[in-house]
Amino acid sequence: MQLSHWEWNSYFRDLDVVIIGSGIVGLSAAIQLKSKDADLRVLVVERGTLPSGASTRNAGFACFGSVTELLDDLATQAENEVFDLVEKRWRGLQRLRALVGDTRLGYKAYGAYELFKANEAHTYKNCVAQLDILNQKIARITGRADTFSLADKRIGQFGFANISHLIANNCEGQLNTGQMMLALTDIARTKGVQILNGLHVQDFTDSTNGVILTTKNGWEIKTRKVLVATNGFTQKLLPQLHVVPARNQVLISRPIPDLQFQGCFHYDKGYVYFRNVGKRILIGGGRNHFREQETTDQFGMTNNIQNYLTDLLQQYILPQQTIEIERQWSGILGVGESKTPIVQRISQNVVVAVRLGGMGVAIGTLTGEEGADLVLG
């Protein structure tokens, strides 16, 4: 099927920038482009009905790293690289909150906590030994000397079982990612950004005259510049980039009238996470225990991950309670050998802003803005 004159003239004529991917990175980039130059004709294309990766399918953590995650990163990466990334996550969260506003985000500054089981005393002691150093390093980022603090006294209050220790992160929060994406879409459209869903770009060709995009339905769309913001699906367009898809599974319960906690909770180097959503509990992760299985860009649920998450709920988080699961889903992350996003020019007219490392809420806005600035640069 070919485009009619009216379709071409109204939707695709004289495009300045096409952004592939309508998640947090793509929409943040579009907003940044129009903020810098209101006359730009910017089109965001999305293969799915909704952003079809992780932006509306994550847990809604406004987080930048638990103690075990940061110590694990420091064991394999240079110190400046680790804390530069923490700073980017922190700055990204502040940019997101400033852009959208806490009310529209549903942002709640409840704080976060990392759990340690009774058989993890050695891990906990190592964390405590490093706590002062971490706080000193992160104080210049958060502006607080007590970003991390000991919080064992809250274990009983939260109702956990077989948990011996908690470490609090006093600077993290939670938000509603559905509201976040609706707000970003509204802001982009208000600025004159055009967004088309259900338009699947399969390939592109860059030349001195611009970029030709080829879509799944056979259309060819010409634009001056392209920004690829496809994160976990990047290898389909750019297989040379080291962006590995990783599936994360999530479940949410029906309302629990006597739920005793509010906040975000981390476990196992950040690979497992849970939080309250009102009176519901949301829990996700565990892909590190089934890494080969979960290295995929295919959505879906598996019994081993679901059983792992429900066992954590029943044995540690909500012991001796009947928990009814209301909904289950999965999202696709973009990870790699480094957790630092890839924001770079790959040809004369094509820029990528991908590989968010499972921290899209924190770093997505900043990554999108950096990508937009590179397009304009």
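For region 13-22, the count of residues that are open to solvent by 10 Å² or more (accessible area, probe 1.4 Å), farther than 26 Å from Thr367 by Cα and of a type outside the set (Asp, Glu) is nonzero.
No other residue among Phe148, Phe204 is aromatic (Phe, Trp, Tyr) and farther than 23 Å from Thr230 by Cβ apart from Phe148.
Among the residues of region 3-33, those that are assigned to a helix (DSSP H, G or I) and in contact with a Leu (Cβ under 6 Å, 6 or more places away or on another chain) comprise Leu27, Ala29, Leu33.
All of (1) in a helix (DSSP H, G or I); (2) under 27 Å from the mean Cα position of the chain (by Cα); (3) not acidic (Asp, Glu) hold for Phe116 with one exception: (1). Just so you know, in region 336-361 the residues that are assigned to a strand (DSSP E or B) and open to solvent by 30 Å² or more (accessible area, probe 1.4 Å) include one that is farthest from Glu292 (Cα to Cα), and it is Ser347. Which residues, taken from region 259-271, are touching a residue at least 40 places away in the same chain (Cβ under 8 Å) and either within 14 Å of the chain's Cα centre (by Cα) or open to solvent by 20 Å² or more (accessible area, probe 1.4 Å) (or both)? Matches in region 259-271: Gln260, Gln262, Tyr267, Asp268, Lys269, Gly270. The residue that is farthest from the chain's Cα centre (by Cα), among those in region 234-243 that are open to solvent by 40 Å² or more (accessible area, probe 1.4 Å) and closer than 30 Å to Val272 by Cβ, is Lys236.
For region 314-329, filtered to residues that are at pLDDT below 95 and among the β-branched types (Val, Ile, Thr), the residue that is least open to solvent (accessible area, probe 1.4 Å) is Ile323.
Taking the criterion of being open to solvent by 20 Å² or more (accessible area, probe 1.4 Å) and farther than 30 Å from Gly101 by Cα, the residues of region 125-145 that qualify are Lys125, Asn126, Val128, Ala129, Gln130, Asp132, Ile133. I want to confirm something. Restricting to region 26-45 and keeping residues that are open to solvent by 10 Å² or more (accessible area, probe 1.4 Å) and in contact with a strand residue (DSSP E or B) (Cβ under 7 Å, 6 or more places away or on another chain), which single residue is nearest to Arg355 (Cα to Cα)? Restricting to residues being open to solvent by 10 Å² or more (accessible area, probe 1.4 Å) and in contact with a strand residue (DSSP E or B) (Cβ under 7 Å, 6 or more places away or on another chain), the top hit is Lys34.
Apart from one condition, Tyr107 fits all of (1) touching a strand residue (DSSP E or B) at 6+ places or on another chain (Cβ under 9 Å); (2) without any contact (Cβ under 8 Å) to a residue 24 or more places away in the chain; (3) closer than 30 Å to Ala30 by Cβ; the exception is (2). For region 317-334, which residues satisfy the criterion of being in contact with a Lys or Arg (Cβ under 7 Å, 6 or more places away or on another chain) and either β-branched (Val, Ile, Thr) or over 27 Å from Val244 (Cβ atoms) (or both)? Glu324, Glu326, Ile332 - these are the residues of region 317-334 that are in contact with a Lys or Arg (Cβ under 7 Å, 6 or more places away or on another chain) and either β-branched (Val, Ile, Thr) or over 27 Å from Val244 (Cβ atoms) (or both). Does Ile332 satisfy the condition of being in a loop (DSSP other than H, G, I, E, B), of a type outside the set (Lys, Arg), surrounded by 15 or more Cβ atoms within 10 Å (Cβ to Cβ) and in contact (Cβ under 8 Å) with a residue 12 or more places away in the chain? For Ile332, the condition - in a loop (DSSP other than H, G, I, E, B), of a type outside the set (Lys, Arg), surrounded by 15 or more Cβ atoms within 10 Å (Cβ to Cβ) and in contact (Cβ under 8 Å) with a residue 12 or more places away in the chain - is not met. Among the residues of region 236-295, those that are among the small types (Gly, Ala, Ser) and outside any loop (DSSP other than H, G, I, E, B) comprise Ala246, Ser253, Gly284, Gly285. Do any strands (runs of 3 or more DSSP E) entirely within region 146-233 hold 1 or more residues that are surrounded by fewer than 14 Cβ atoms within 10 Å (Cβ to Cβ), of a type in the set (D, E, K, R) and touching a residue at least 12 places away in the same chain (Cβ under 8 Å), and if so, which? Correct list: 201-207.
The values are calculated or read from the model by the stated rules, or taken from the named source; none is laboratory data. Being a predicted model, the structure only gives us computed values, none of them experimental. Here Cβ is always computed from backbone atoms with ideal geometry, including for glycine, and neighbour counts include all displayed protein chains. Quick note on the areas: whole protein, heavy atoms, side chains included, nothing else; ligands and nucleic acids left out. Shrake-Rupley method; radii C 1.70, N 1.55, O 1.52, S 1.80 Å.
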